[in-house]
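Presented below is the structure to which this report refers.
The values are calculated or read from the model by the stated rules, or taken from the named source; none is laboratory data. All values reported here derive from a predicted model rather than from experimental measurement. Here the Cβ positions follow ideal geometry from the backbone for every residue, glycine too, while neighbour counts run over all protein chains shown. Ligands, DNA and RNA are excluded from the accessible area calculation, which covers all protein heavy atoms including side chains. Shrake-Rupley method; radii C 1.70, N 1.55, O 1.52, S 1.80 Å.
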Amino acid sequence: MNKMFINGVYVSASSGENISVLSPETGLEIAQIPRGMSADVDSAVAAARSAFNGEWGKKTATERGRILTKICELTLRDIDELAAIESEDTGKPLELAKADIKALARYFEFYGGAADKIHGETIPYLDGYSVSIVKEPCGVVAHIIPWNYPAQMLGRTIAPALTMGNTCVVKPAEEACLTSLRFAALTLEAGLPKGALNIVTGYGAEAGAALSSHSGINMLTFTGSPVVGRMIQESTANNHVRCVLELGGKCPQVVFGDANLDKAVPGIVNGILQNSGQTCSAGSRVLVEKKIYNEFVSRLSEMFNSSKVGPSNSSPTCGPIITRKQFEFVSNCVNDALSRDIPVIGKGKICSTANVNGNYVAPIAFGPVKPDDFLAKEEVFGPVLSVLTFESEEEAIELANSTEYGLVAGVWTENGARQIRVSKGIECGQVFINCYGAGGGVELPFGGVRKSGYGREKGLQALNEFCETKTVVNSYS
Ligand code: NAI
Ligand code: MG
């Protein structure tokens, strides 16, 4: 039985109730997690407040950096065990889970190294005054994270928060939180004081809602669906709590006639099939210049036809969908598109060893898809790619901006001036030119505009989100 982590101790939910965690590969129960509710959130927030006012709040930046660096080392020491847990919990292939644990460690390395290099500023002001700008931690930060990259997201959100001297209460997704629970022990071993990190498991509508509406938190980060993102904005507004929200995308990959297709096609296929398309920054929408459509599609079809989905031990291109519910949603999107006779460009296979009760969806590419079609506009969150066409650069930019989202974009062209024009024209938080990094890059500021959310995570930029600026004006005359 897994327990949650409050004030440095593994505990059951105060209700004594548990939630069953099912394997994406077999549909069978693999674990139980505590069903945390508001009483548990209260304890976690109180523990985080004590640590903020106490041991963690009193550490120097150098001491914080050393502890974060130690957490990185211990994560890498235990990478095989953590990756095995992550793979079993999410269904993702072991190699991908390993890459995710490396990213988790890397967040602690990157931010641990930054801890004592974040300095304030002075401002020249009136004669006889000195002015300093000081960066102070927010206090207790709430982190509500999803199930698609549970380990990476944990690192992405708590490492910069801890670096700045905040304390954390995490509500991981009920679908996949086992790695975070195991990881918590490593933070204690590394010397993180009790209460600096707390993890409350439970349902979104219970533990999640209790945390986002809690009057004891000072800031909140959320990654997940736009619907829940809006609910969280409403509940945090009651307490005037600032948020950073990452709410997904329908990210365009724009392919011009002069693109190097040897590079573009594999980059685009990986950008959608990685993690079975369950990635906020998945390049789920390809916009191709009409004059190369046939050539592009024949190469894409080859790659999709040779892809396979299956259990982790079958070396698949991608693994199952996280839950039955998400599987049904993705399957319905595919069946609906098929019933509307949208042409299929290519389709992968389900591995023969895949369990019939697993949540396996064969990778599929559709095209040409009409620009106002559901498949061209809405997040499917599965291994489903839509291909659209354009004839001019202006039309490409217009199409790229034609959804409500604005998270990441890919641009494939050898024309340097066009690279700049198009990357300026697309409204989003990250643009990749002749490459695509769905989810990657600890150093790279990441976040969106419009329905994709606001605020930035990753990179040094994230540190600005996890602190408050204080201006100190001193008259010495
Ligand atoms: P979700 O938004 O319901 O869940 C994300 C997190 O929010 C989980 O920890 C959940 O427990 C929590 N949560 C849910 N309801 C809450 C509430 N009322 N108050 C506070 N916290 C709450 O996402 P879900 O249902 O797992 O997936 C639905 C869709 O959302 C996906 O198909 C996908 O389109 C999108 N999504 C986007 C993600 C991203 O990386 N941006 C990640 C996961 C889902
Ligand atoms: Mg939900």
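Measuring nothing but protein heavy atoms, the accessible surface of segment 4-247 at 1.4 Å probe radius is 54 percent carbon and sulfur.
Put simply, the Cα atoms of segment 252-441 extend 50, 31, 30 Å along their principal axes, the longest span coming first.
Could you order the peptides 170-177, 124-131, 286-293 from most to least packed, using the average number of other C-beta atoms within 10 Å per residue?
Values: 170-177: 25.2, 124-131: 10.6, 286-293: 20.9.
Descending mean neighbour count gives 170-177, 286-293, 124-131.
Based on Cβ point charges of +1 for Lys and Arg and -1 for Asp and Glu, what charge dipole magnitude is obtained for segment 387-477 about its Cα centre, in debye rounded to the nearest 20? Please report the intermediate quantities before stating the final value.
Working: 8 positive and 12 negative charges, 76 e Å.
About 360 debye.
Computed over protein heavy atoms with a 1.4 Å probe, the accessible surface of segment 149-191 works out to 14 Å² per residue.
Proximity of backbone amide H atoms, modeled 1.01 Å from N, is registered between ALA173 and ILE145 at under 5 Å, excluding neighbours fewer than 5 places apart on the same chain. In the context of the full set of protein chains, residues of segment 320-472 present 43 Å² of accessible surface per residue (probe radius 1.4 Å, heavy atoms only).
Anything over 19 Å Cα to Cα? Flag those among LYS250/LYS451; LYS3/LYS58; LYS377/LYS424; LYS92/LYS325; LYS370/LYS424, in the order listed. Before the final figure, lay out the partial values.
Working: LYS250/LYS451 10 Å; LYS3/LYS58 29 Å; LYS377/LYS424 21 Å; LYS92/LYS325 17 Å; LYS370/LYS424 25 Å.
Exceeds cut-off: LYS3/LYS58; LYS377/LYS424; LYS370/LYS424.
What is the log10 of I(q)/I(0) for segment 38-163, computed with the Debye formula using one identical point scatterer on each Cα and no solvent, at q = 0.10, 0.15, 0.19 Å⁻¹? Here the Debye-derived log intensity ratios amount to -0.43, -0.82, -1.11. In order along segment 48-56, phi translates into HN-Hα couplings of 5, 5, 4, 5, 5, 6, x, 4, 6 Hz, rounded to whole numbers, per the Karplus curve 6.51 cos²θ - 1.76 cosθ + 1.60 with θ = phi - 60° and x for Gly and Pro. Here the simple spin-label model places points 7 Å from the Cα toward Cβ, and for SER20 and SER132 these points are separated by 5.9 nm. Considering segment 366-477 at the alpha-carbon level, its Rg and Dmax are found to be 18.4, 73 Å.
Put a dot 7 Å past the Cα of ASN357, heading toward its Cβ, do the same for ALA417, and the two dots end up 6.3 nm apart.
Treating only the Cα positions of segment 68-139 as identical point scatterers, give the base-10 log of I(q)/I(0) from the Debye formula at each q in 0.12, 0.19, 0.20 Å⁻¹. Those come out to -0.51, -0.80, -0.84, one per q. The DSSP beta bridges internal to the chain are antiparallel in roughly 40% of cases.
When the Debye formula is applied to the Cα atoms of segment 4-247, each taken as the same point scatterer, what base-10 log of I(q)/I(0) results at q = 0.08, 0.16 Å⁻¹? Log10 I(q)/I(0), no solvent term: -0.30, -1.13. 3J(HN,Hα) couplings calculated from phi for segment 20-34 with the Karplus curve 6.51 cos²θ - 1.76 cosθ + 1.60 (θ = phi - 60°) are, in sequence order, 7, 10, 9, 6, x, 7, 10, x, 8, 5, 10, 6, 10, 10, x Hz; Gly and Pro show x.
To the nearest 20 debye, what charge dipole does segment 174-316 have about its Cα centre, counting +1 at the Cβ of each Lys and Arg and -1 at the Cβ of each Asp and Glu? Each step should come with its number before you reach the end.
Details: 11 positive and 11 negative charges, 29 e Å.
Rounded to the nearest 20 debye, it is 140 debye.
Amide H contacts under 5 Å for LYS308: THR317, CYS318, LYS349, restricted to partners 5 or more places along the chain or on a different chain, H placed in the peptide plane at 1.01 Å from N. For ILE345, the amide hydrogen comes within under 5 Å of the amide hydrogens of ALA365, PHE366, GLY367, counting only partners 5 or more places away or on other chains and with H modelled in the peptide plane.
On alpha-carbon atoms, Rg over Rh for segment 81-122 using Kirkwood Rh?
Working: Rg = 15.3 Å, Rh = 11.8 Å.
Over the Cα atoms of segment 81-122, Rg/Rh equals 1.30.
Note on the chain: the alpha carbon radius of gyration divided by the globular reference 2.2 N^0.38 Å gives 1.00.
Put simply, when 207-218, 83-94 are sorted by average Cβ atoms within 10 angstrom per residue, most first, you get 83-94, 207-218. Between the listed residues CYS168, SER23, SER284, the Cα displaced farthest toward the positive end of the dipole of the chain, a dipole computed from Cβ unit charges relative to the Cα centre, is found at CYS168. Per-residue Karplus couplings for segment 234-240, computed as 6.51 cos²θ - 1.76 cosθ + 1.60 with θ equal to phi - 60°, are listed in order as 5, 6, 6, 4, 4, 10, 6 Hz, Gly and Pro entered as x.
Centre-to-centre separation between the Cα atoms of segment 71-90 and those of segment 168-239: 20 Å.
Among residues other than GLU404 whose Cβ falls under 14 Å from its Cβ, what is the net charge (Lys/Arg +1, Asp/Glu -1)?
Working: positive: ARG230, LYS250, ARG285, LYS377, ARG450, LYS451; negative: ASP372, GLU378, GLU379, GLU427.
Net charge in that neighbourhood comes out at +2.
Put a dot 7 Å past the Cα of SER306, heading toward its Cβ, do the same for ILE30, and the two dots end up 2.9 nm apart.
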